[in-house]
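Peer 1: Structure below; questions to follow.
The values are calculated or read from the model by the stated rules, or taken from the named source; none is laboratory data. These figures come from a predicted structure and were not determined experimentally. Virtual Cβ from ideal backbone geometry, glycine too; neighbours counted across all protein chains shown. With ligands, DNA and RNA removed, areas are computed over all heavy atoms of the protein, side chains included. Shrake-Rupley method; radii C 1.70, N 1.55, O 1.52, S 1.80 Å.
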There are 2 protein chains.
Amino acid sequence: MKIFGRRTGEGIKQITQKKEKLKSFLKEKGLKSTRQRDLIASEFLQIGEHVTAEELYREISKKYSDIGFTTVYRTLKLLNKSGLATERVFADNLTRYEPLSAEDHHDHLICIKCGSITEFQDLKIERLQTRVADEFGFHAMSHKMELYGYCKKCKDNA
Amino acid sequence: MKIFGRRTGEGIKQITQKKEKLKSFLKEKGLKSTRQRDLIASEFLQIGEHVTAEELYREISKKYSDIGFTTVYRTLKLLNKSGLATERVFADNLTRYEPLSAEDHHDHLICIKCGSITEFQDLKIERLQTRVADEFGFHAMSHKMELYGYCKKCKDNA
DNA sequence: GTCTAATTGAAAATGAATTTCAATTTCCTT
DNA sequence: AAGGAAATTGAAATTCATTTTCAATTAGAC
């Protein structure tokens, strides 16, 4: 099993690299690079965690009070389309975004007390999922797996 | 692996039994049995499939035009609290309800073309989930697992 | 620099879920 | 069986995240 644990912000090198990727995506699509998109992408990649548009907006408007919620919202959608972020909806029904690098598919452990989100990947489970699908003649394209419970910290402090 | 396949409505015997269970739940909580609750519960149990409040309402108002959406909505919440139904939210972000009998925990295969929902249970996967959680010192209380892709029918007709 | 198309941000719109409230119904008490 | 307190009902209003609209601004190709 591959253990990721909690996310942390990425290094400057990766961030720069990703921002380049965003730029080429924009150019390719005939879209424009703007100060707002640049700042929002930077902040998003630095935070690294699963954030809602609202959370990211609040963070950004501390530094740049002229950037509106709508732009943050639209930029996250854009990052999603460009392959730099994924959208996730957990049990609280809020849409969260997380930076996505290459092929790092993973699932989540979600603490129902403190809300912390931990990532993991388990190839054995994935193989079994494929097998289950096969038995139904089902062709699985993606999956969603979340475990809800108490994280180590909350369990110990109970 | 236990295969459930698609749900079908339940037999009259089970339905009557469940409606008794609802009645005792209501009595116990100091709530009232009403014509509406009775009809909504019947219809819900007969349909058997995963339905949204909206869908169930549309079905019911064909027969009983005096029953409002709000009551259907509230009755589904009630069935949930009484343990006769579970709430589920899939990728389309709509809240669906399904009849729940005793301990039949299961997961879902969801067709991204026709929307059909198939149920399955796989104990091996569940054991692995527990193991993953353990490695993080995480105490899992529940989980959610959905596989999205093409069902046999849609795959074959492609 | 000019011009066109894209972007921005505030405000409005959307849509599912939930709450409000006056009228009605249940069912406990007598 | 009638009275009355409390729960229920249904329509309409509200909430809240998400998404769209639109006029003003900006990017960047020529």
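Peer 1: Looking at the calculated P(r) for the stretch A:33-77, what percent of the C-alpha pair distances fall above 18 Å?
Peer 2: So the pairs more than 18 Å apart make up 11 percent of the total in the stretch A:33-77.
Peer 1: Sticking with this structure for a sec: Can you work out the FRET efficiency for the pair B:SER101 and A:ARG74, with r the C-beta to C-beta distance and R0 = 45 Å, to the nearest 0.05? Don't skip to the answer; put the middle values down first.
Peer 2: Working: r = 45 Å, r/R0 = 1.00.
FRET efficiency, B:SER101 to A:ARG74: 0.50.
Peer 1: Still on this model: If you take the square roots of the eigenvalues of the alpha-carbon gyration tensor of the stretch B:9-101 and sort them as a ≥ b ≥ c, do you get rounded (a/c under 1.5), prolate (a/b over b/c) or oblate? Please list the in-between numbers first.
Peer 2: On the way: a/c = 1.39, a/b = 1.23, b/c = 1.14.
In terms of gyration-tensor shape, rounded.
Peer 1: Measuring with a 1.4 Å probe in the full set of protein chains, what accessible area per residue, in whole Å², belongs to the stretch B:64-144? Intermediate values should be presented prior to the final figure.
Peer 2: Numbers: 3900 Å² over 81 residues.
Accessible area per residue: 48 Å².
Peer 1: Follow-up question, since we're still on this one. Taking each label point as 7 Å beyond Cα in the direction of the beta carbon, state the distances from A:LYS32 to the same residue in the other copies, shortest first, in nm.
Peer 2: Ordered by distance, the counterparts are at 6.3 nm.
Peer 1: Could you work out what % of the accessible surface of chain A is carbon and sulfur, using a 1.4 angstrom probe and leaving DNA, RNA and ligands out of the count? Don't jump to the answer; show the numbers that get you there.
Peer 2: Details: 4450 of 8820 Å².
On chain A, the fraction of accessible area on carbon and sulfur atoms equals 50 percent.
Peer 1: Need the full-extension length gain, A:LYS152 to A:LYS62, defined as separation in residues times 0.36 nm minus the C-alpha distance. One decimal, nm.
Peer 2: On the way: separation 90, 0.36 × 90 = 32.40 nm, distance 3.23 nm.
Answer, rounded to one decimal: 29.2 nm.
Peer 1: Still on this model: I'd like the distance separating the alpha-carbon centroids of the stretch A:13-52 and the stretch B:74-146, in whole Å.
Peer 2: 36 Å
Peer 1: Hey, another quick one. Rounded if a/c is under 1.5, else prolate if a/b is larger than b/c, else oblate: which is the stretch B:61-120, with a ≥ b ≥ c the root eigenvalues of its Cα gyration tensor?
Peer 2: Working: a/c = 2.32, a/b = 1.37, b/c = 1.69.
Here the stretch B:61-120 falls in the oblate category.
Peer 1: Oh, and also: What accessible area per residue, rounded to a whole number of Å², is obtained for the stretch A:17-61 using a probe radius of 1.4 Å?
Peer 2: Working: 2550 Å² over 45 residues.
Per-residue accessible area for the stretch A:17-61 comes out at 57 Å².
Peer 1: Here is a follow-up. Taking the label point 7 Å from Cα in the Cβ direction, how far apart in nm is A:GLY48 from each other copy of itself, listed shortest first?
Peer 2: Spelled out, the distances from A:GLY48's label point are 5.1 nm.
Peer 1: Once phi is turned into θ = phi - 60°, what whole-Hz ³J(HN,Hα) does the Karplus curve with 6.51, -1.76 and 1.60 give for every residue of the stretch A:64-80, x standing for Gly and Pro?
Peer 2: With the stated coefficients, the stretch A:64-80 comes to 10, 6, 8, 8, x, 4, 4, 5, 4, 4, 5, 5, 5, 4, 5, 4, 5 Hz.
Peer 1: Taking the Cβ-Cβ separation of A:LEU31 and A:GLU54 as r and a Förster radius of 30 Å, what is the calculated FRET efficiency to the nearest 0.05?
Peer 2: Step by step, r from the Cβ atoms, then E = 0.80.
Peer 1: Please report the equivalent ellipsoid semi-axes of the protein assembly as shown, computed as sqrt(5 x eigenvalue) of the Cα gyration tensor, largest first, in whole Å.
Peer 2: On the way: eigenvalues 317, 110, 91 Å².
For the protein assembly as shown, the semi-axes come out at 40, 23, 21 Å.
Peer 1: In chain A, what residue has the beta-carbon at the shortest distance from the axis of the rotation relating A to B, and what is that distance in angstrom, rounded to the whole number?
Peer 2: Here the value is A:MET145, 2.
Peer 1: Taking every pair of alpha-carbon atoms in the stretch A:107-156, give the share separated by more than 17 Å as a whole percent. All intermediate terms of the calculation are to be shown ahead of the outcome.
Peer 2: Values: 570 of 1225 pairs.
Taking all Cα-Cα pairs of the stretch A:107-156, the fraction more than 17 Å apart is 47 percent.
Peer 1: Taking chain A on its own, what percent of its Cα-Cα pair distances exceed 27 Å? Spell out each step's value before the answer.
Peer 2: Numbers: 4066 of 12403 pairs.
Across chain A, Cα pairs with separations above 27 Å total 33 percent.
Peer 1: Distances from B:SER101 to the same residue in each other copy, label points 7 Å out along Cα→Cβ, in nm, shortest first?
Peer 2: From this label point to the equivalent ones elsewhere in the assembly: 5.0 nm.
Peer 1: Here's a follow-up. Provide the buried accessible surface between chains B and A in square angstrom, both chains summed, 1.4 Å probe, rounded to the nearest 100.
Peer 2: For chain B against chain A, roughly 3400 Å² becomes buried.
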